[in-house]
Amino acid sequence: MTPWTDPSENTDGLGDGQRTLNGPQLAGALALLGPVDPICAEVIGRLNLRVYPGGPGDRTAYVVLDVHGVSIGVKRRASDLYLHADTTETDDRLIAFEVNGGGEIDHPIS
């Protein structure tokens, strides 16, 4: 992995190197590029994006997208792709998950 930020760097008072973009920042940046579909603008305005430097053995940074009350994290590790879904702020009891069009697999939440 080629780190784009030093993990020891203190960012916005956080010692973990976390970088963030909230929905209004994302929507503002997108608006600078030209007209934005209103539905896309509404969704983007509600997103939160967090990026953490990769750890030892990771090939990429760890990217977390907060949307619809769920946090979805993804990073490429040396030998696999890591996906994380955090639904602790929702009342969801089941996640239907699909990989590469292979059909949904239900994952119950305890």
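Taken together, the values in this text are just the output of simple stated rules run on the coordinates, not laboratory data. As the structure is a computational prediction, the values presented were derived from the model and not from experiment. With ideal geometry, Cβ positions are generated from the backbone for all residues, glycine too; neighbour counts draw on all protein chains shown.
What the table below lists for this structure:
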item	result
Per-selection Rg to Rh, the chain - Cα, Kirkwood hydrodynamic radius	1.01
Label point distance in nm, Leu65-Ala96, each placed 7 Å from Cα along Cα→Cβ	1.9
Sum of -39500 (n - 2.57) over DSSP H runs of 4+, divided by residues of the chain (222 nm, nearest 500)	-4000 deg cm²/dmol
Extension reserve of the Ile72-His107 stretch, reckoned as 0.36 nm per residue once the Cα distance is removed	11.1 nm
Computed FRET value (nearest 0.05) for Ala31 with Ala85, which takes r as the C-beta separation and R₀ as 30 Å	0.50
